[in-house]
Every structure is written in C-alpha cells, then in structure tokens.
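What follows is one structure encoded as structure tokens, with my remarks underneath.
The values are calculated or read from the model by the stated rules, or taken from the named source; none is laboratory data. Please read all numbers here as calculations on a predicted model, not as lab measurements. Counting neighbours? That spans all protein chains shown, and the Cβs are built from the backbone with ideal geometry, glycine included. Keep in mind that these areas ignore ligands, DNA and RNA; they rest on the heavy atoms of the full protein, side chains included. Shrake-Rupley method; radii C 1.70, N 1.55, O 1.52, S 1.80 Å.
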Amino acid sequence: VPLYTGMILPISLMGEALALAGATAWAAHAFALAGMLVDACAQLLAVMHRWPGGNLWVPDPSAVAGMLYALGMGAAAVLWLRARRRLGMGLLAATLLVWGLSVVHERPPGQAEWLAWDVGQGAASSLLTRGGKVLVMDVPGPAESRHNGGTKVAAGLRALGLAHVDVLAISHAQADHMGGAERLLAQERRVGQLWLADVPANHAHPALTRLARHVEADGGRVRWLARGDRLSFGAWDVRVLWPPRGATPSSPNDASLVLSVGHAGYGRLLWLGDAEAEVERAMLAGGIGRHWAMLMPHPGSRTSSTPAFVDAVHPTIAIAQTGVHNRFGFPKPAVVRRYLAIGAHVWNTADGAVIVRWAGAGAARVRQLQGPPPGRRDRALQWWQGTL
C-alpha cells in the first residue's frame, strides 16, 4: 500500500498531467517508471506470499472493527499534521496491531446454522456449529473459473466470520458437485478432512486424487466412507447411508455419498447428491426414516424424489439448488408437487441462498437472501450484504 499510494499513483498521475499538457515524451518516461515499480511490487508480493503466514485468509472485518480502524488512523493523521509525530506513530502502530489481531481471529456463530448457497446450477451447502466447526457438502462450477462455487462458498464463510473448513465432503465426481473444490482449498486457511465415497471410480478419478493429495499435503486427512459408517461432527452425528463399499453402479450419480446428519432437538438433515430412483429404493429397504430438512436429489430431477421416498423421508424443508432459468427445467413441477403434497416447504436457491438458524432445541428460523446483485463478483459477496 505505501508503495502504490506513495510512489506509483503520484507518478502515474504526473504522467497523465504531462500527456494532457502535450509533453508526451516526459509522459512516456513517467508511465514507464510507474510500470517498472508495479512489476517490482508484484515480484515483492510473490516473494512475501511464500513467507510463513504470507498467505493468510481472514474473515471479513466487522463494522465495529472497521469504524475503530478508521478512527485510529484518522487520529494518527491529525497528530502527525500537528507535529506530534512520535505520538502519531505510536497510535498508528497500536491501531494496526489491534486491527490485525481483531481480523485474524474468527467469529464463530452464536447458533447452529445450515446454509444452501446460491451457486447457480449445482450443489453447495454448509453446516456451521455453535463452536465454529464448518462442514461443507459439495462445491460446484467450472474448475478453471476464478468465481466458481468454491470462491463463492469461501467468500460467504468469510462474511460469516469463518476462514476455515473442518470437513469438505464431495458427493461424487461431477463438476456441478466438485468443480469448485480446488478453489475452495486455495481460499481457506485449512481444510481438516476430505470425505469421499469409497468406490473404485473415486479412487481412480484424477481430479479427486489431486484433491486428496492437496488436502494431505496441507496436513489434512482423507476419509473414505461407505454405507454403515458413523462419524461425529461436534455435537452432530453423521450416518453414511450410501454407497456400499466398493460399489460399481452403472451411473456415477448412483455412487453419490449420501449423508444423514442429526442433532438432538434440531432434527436431521439429508444430503443425497444426485442419487437416483434405484438408490432411493435401496435406502427405503434399509429403513431411511424421517428427516426434518433435505436437499432435493439431482436437484429436482424426475430421476429422483420418487413418491415413496418423499413420503418416507417426509421433510418439513426441501431445498432445490438450481440455476436461474436453467436449461434442464429443474426442479421439475411434478417433483415439486410431490413435496408440497406431503406438506413440505419448498425453497429454490435460484431465488437466493437459504439460511436455517437454530435459536435452540426445536426453534429454527428459515429465510432466503433475496435478489442477488448482478455479476459474478457481486454474487460471490451477496452473503455479506445479507448478514449485515
């Protein structure tokens, strides 16, 4: 910042003034010097990026921290202009120290939250516990995009005061569920665990193999899960309902990792990936039981959400994660009617991210962030605006 504001910007403005005055030769020299300084700054930042702590993601600062920072810096500037420079420098250093400490620390939510993100056509949801643990299920989008689902989920978590992921679970190896995983890893301090379905197709998949190596290289753990496995996530218990270990289904959708996550007093959540009718029948045979809320499988396609399955799960909340005016026509009207027929409240993230907050046992509030602003970058920051 000092290099840009103290040197590069003034030289660039000088070059612009010289160009307007007709001194094009001198203007060219000024712009060339500014360009050299920009390049030097870029190289310096690249070196600093490799230092310990040189790449540290932090939560978005709170409004209170922002106001205190502005007051401290303003007071330091006034003292400097009044020739009380030693006191001004001391206040400047203290402001930067307090600011740095405040933004580095995460701000865990005061209540459990479940978020179904607005990521276009694809699945991405996050469970946040009161203790600040984060479970992310799926992150979609084109892997080469800088603003795919991974970027959007990371930005959303930072807006909520969190800069890490304890568990990243990938339902199956398709772009609309895992395309943003690398981008998510690159924009978090750490990802503690990666959960994958223990099927041969996943072990052989290049993108999943690369993702697993990335997590392990950063000190994380890869867990291969199959039907019958039980895990804990803070005070929440996790049951793996599908697939059987070593399964080789004909459709990659039917290898989806299906998780049932529950907490005493809050009910159970159901994540189904793109599991289709055959998988639903198998889970019905095993006695799947009711769930308070769920993401529509595949999401709202006629291949899934069979009448018998919808009736057995009997959710109070059913969320479809679809893109606005998507070419598939998801969620299909007939599928939506099945959920409405059993009394479920149906939400669609095409209309904005859906947030469930539990104030206490059995007390949940559901709301939707309406009207995301246009543009990929603005959409990635919509959660910040919705949580102010």
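Think of the chain as a dipole: +1 on every Lys or Arg Cβ, -1 on every Asp or Glu Cβ, centred on the Cα centre; then among 358, 226, 369, 358 lies furthest on the positive end. Return the whole-Å distance between the Cα centroid of segment 272-322 and the Cα centroid of segment 99-118. Going from one Cα centre to the other spans 30 Å.
If contacts are Cα pairs under 8 angstrom and at least 6 residues apart, what is the relative contact order of the chain in percent? So the answer I get is 13 percent. Accessible area of residue 365 (1.4 Å probe, protein heavy atoms only, ligands and nucleic acids ignored): about 130 Å².
Dipole magnitude for segment 191-331: computed about the Cα centre from +1 point charges on Lys and Arg Cβ and -1 point charges on Asp and Glu Cβ, it is near 140 debye. Between residue 4 and residue 232, the contour length at 0.36 nm per residue exceeds the Cα-Cα span by 77.2 nm.
Of 271, 242, the order by accessible heavy-atom surface (1.4 Å probe, DNA, RNA and ligands excluded), from most exposed downward, is 242, 271.
When the chain is treated as a Gaussian network with alpha carbon springs shorter than 10 Å, the biggest mean-square fluctuation among 234, 265, 300 belongs to 265. Protein heavy-atom accessible surface, 1.4 Å probe, per residue over the chain: 48 Å².
With an a/c value of 1.5 or above and a/b not larger than b/c for the gyration tensor axes a ≥ b ≥ c computed over the alpha-carbon atoms, segment 183-253 is described as oblate. Heavy-atom accessible area with a 1.4 Å probe sorts 45, 194, largest first, into 45, 194.
Helix 63-81 and the long axis of the chain differ in direction by around 10°, with both axes built from C-alpha atoms. Gaussian network model of the chain, Cα springs within a sub-10 Å range: biggest mean-square fluctuation belongs to which of 24, 95, 322? Of 24, 95, 322, the Gaussian network model singles out 24 as fluctuating most. Our estimate of slack between residue 342 and residue 285, defined as 0.36 nm per intervening residue step minus the Cα-Cα distance, is 18.5 nm. Computed from label points 7 Å out along Cα-Cβ, the spacing between residue 50 and residue 87 is 4.6 nm. In the chain, the DSSP-assigned H stretches of four residues or longer account for a calculated mean residue ellipticity at 222 nm of -11500 deg cm²/dmol, using -39500 (n - 2.57) per stretch and the full residue count as denominator.
Let me make sure I get this right: for segment 24-158, a, b and c are the square roots of the gyration tensor eigenvalues over alpha carbons, sorted descending. Under 1.5 in a/c it's rounded, otherwise prolate if a/b > b/c, else oblate. Which is it? Note, shape of segment 24-158 comes out oblate. Measuring with a 1.4 angstrom probe and ignoring ligands and nucleic acids, residue 330 comes out at about 30 Å² accessible. When DSSP beta bridges are restricted to pairs lying wholly in the chain, around 60% turn out antiparallel.
Taking log10 I(q)/I(0) by the Debye sum over Cα atoms at q = 0.08, 0.10, 0.12, 0.14 Å⁻¹ straight from the coordinates, which label in (1) -0.49, -0.76, -1.07, -1.38; (2) -0.44, -0.67, -0.92, -1.18; (3) -0.51, -0.72, -0.94, -1.19 is the correct one? Checking each listed value against the structure points to (3). Largest GNM mean-square fluctuation among 112, 181, 76, using the chain with Cα springs under 10 Å: 76.
The fraction of accessible area contributed by carbon and sulfur in the chain is 61 percent, rounded to a whole number (1.4 Å probe; ligands and nucleic acids excluded). Anisotropy class assigned to segment 185-309 is oblate, per the alpha carbon gyration tensor with a/c at or over the 1.5 cut-off and a/b no larger than b/c. Plainly put, segment 1-88 has a radius of gyration that is 1.12 times its Kirkwood radius, both from alpha-carbon atoms, as the Rg/Rh ratio.
Under the criterion of Cα pairs below 8 Å and six or more residues apart, the relative contact order for segment 262-365 equals 27 percent.
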